[in-house]
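Working notes for the structure below.
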Amino acid sequence: MKLKSKLPHIGTTIFTEMSALANEHKATKLAQGFPDVEVDPKLQQYIIEAMNKGLHQYAPMAGLPLLLEALERKINTRNNRSVVAKEEVTVTPGATYGIYTALATIIETGDEVIILEPAYDSYSPNITSLGGIVRKVSLQDKDFSVDWNAVKAVINDKTKAIIINTPHNPTGSVWQASDFEALKDCVRDTNIYIISDEVYEYLSFDESKHISVLEDDELYERAFIVFSFGKVLQATGWKIGYNVAPKKLTAEFRKMHQYLAFSVNSLGQYAIGHYLMNDSTLDTLNDSFSKKRDLFLELFAPLPFTVPFKSQGSYFQLLSFEGLSQSFDKDYAILLTKEAGVASIPVSSFYEEKKDQKLLRFCFAKNEDTLITAANKLKQYFKV
């Protein structure tokens, strides 16, 4: 028997590859986007409470009523949109799943989906595996802003959706209000859907402010908006997120969801629902993570990297090694992992054509000791 691969040119992800390399060489892990900070003890206590209550069976397909109620309140207040959660919110086993399911809901064979590169690595294979065609538009080199004329140039009668992501992984850029006006101009009077990846919604720094598609009536009517509890609660291993969409789109999304995962683990939903209702301190995340970014930049300042721009949001800071080596960025990331003992992610991995800009992505969502250890290793390696 011969299986024809739907993704013949794709192997192990760069995240798995660099994590394995970091383990092999006992490197400090600033590669994969997960925190090493302690999960809030109150959240842990709610998990124990859920176990003691015996919540070990299937949750309702859309989500536990408690969690849906908490999300309805959150969206109504933080995102300034009045939603009916039982009709517009679906709890999912992670944001990556939510993106795939949104795509599966809308894509038919031959449909085109626009992605803005560098892009989270699941977008393109998701589209391809569903029979869609990827249309790539590169963000502008210096600041990774959107070239809206380039976006308009690839829109045609086959365009089914545009995937957007702000705060942006991997670059840490954040969209401005003008970007959303330009997006509206692109999709107005079309049948183009928007899939909005907002997993870092709580993490925008300095003068930057996260603007959600939820806040705009014109965009919301055609949108699937994806969120992650793993990122905001520093519990990525829980793999719980949620999707928000208008009632008619949610109904179609749930048709796919019920046959892909059906529901999400009851224990985590119970814990998160109670946490959001009673103990949530999520509005403090901006301050704590901006301090982590500033500490990262302070610790890495003596090193011979250059900073293209300070991260405006997310878990990540880009550093350029252009003045240090002309190596391909993946080769240089491997070198630093093996010889300096610090793991990062090469930014070329976020381009399907592996565009090399001599940039590495470092995750600063770490304990202070982890960041200090990484900086000291690199100072020793570079002899500074």
For region 226-248, state whether one or more residues are at pLDDT 95 or above, assigned to a helix (DSSP H, G or I), surrounded by fewer than 18 Cβ atoms within 10 Å (Cβ to Cβ) and not hydroxyl-bearing (Ser, Thr, Tyr).
yes
Only one of (1) part of a helix (DSSP H, G or I); (2) closer than 19 Å to Gly237 by Cβ is not met by Leu66, so which one is it?
(2)
Quick one: how many residues across region 140-185 are among the small types (Gly, Ala, Ser) and in contact with an Asp or Glu (Cβ under 7 Å, 6 or more places away or on another chain)?
1
Residue count, region 143-179, condition aromatic (Phe, Trp, Tyr) and buried (at least 20 other Cβ atoms within 10 Å of the Cβ), comes to 2
Given the conditions (1) within 24 Å of Phe253 (Cα to Cα); (2) among the charged types (D, E, K, R); (3) surrounded by fewer than 20 Cβ atoms within 10 Å (Cβ to Cβ), and given that Lys26 satisfies all but one, which numbered condition is not satisfied?
(1)
Among the residues of region 254-281, which ones are in a helix (DSSP H, G or I), among the aromatic types (Phe, Trp, Tyr) and closer than 29 Å to Gln32 by Cα?
Tyr270, Tyr275
Filter result (of a type outside the set (Ser, Thr, Tyr) and assigned to a strand (DSSP E or B)) within region 145-169:
Lys160, Ala161, Ile162, Ile163, Ile164, Asn165
Log entry, pairs with first residue in region 213-241 being at positive phi, second being among the β-branched types (Val, Ile, Thr) and surrounded by fewer than 22 Cβ atoms within 10 Å (Cβ to Cβ), beta carbons closer than 7 Å, six or more apart or on different chains, reads Gln234/Val37; Gln234/Val39
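The values are calculated or read from the model by the stated rules, or taken from the named source; none is laboratory data. Note that the structure is a prediction, hence the values are computed from the model and not measured. Glycine gets a Cβ as well: all are built from the backbone with ideal geometry, and neighbour counts include every protein chain shown.
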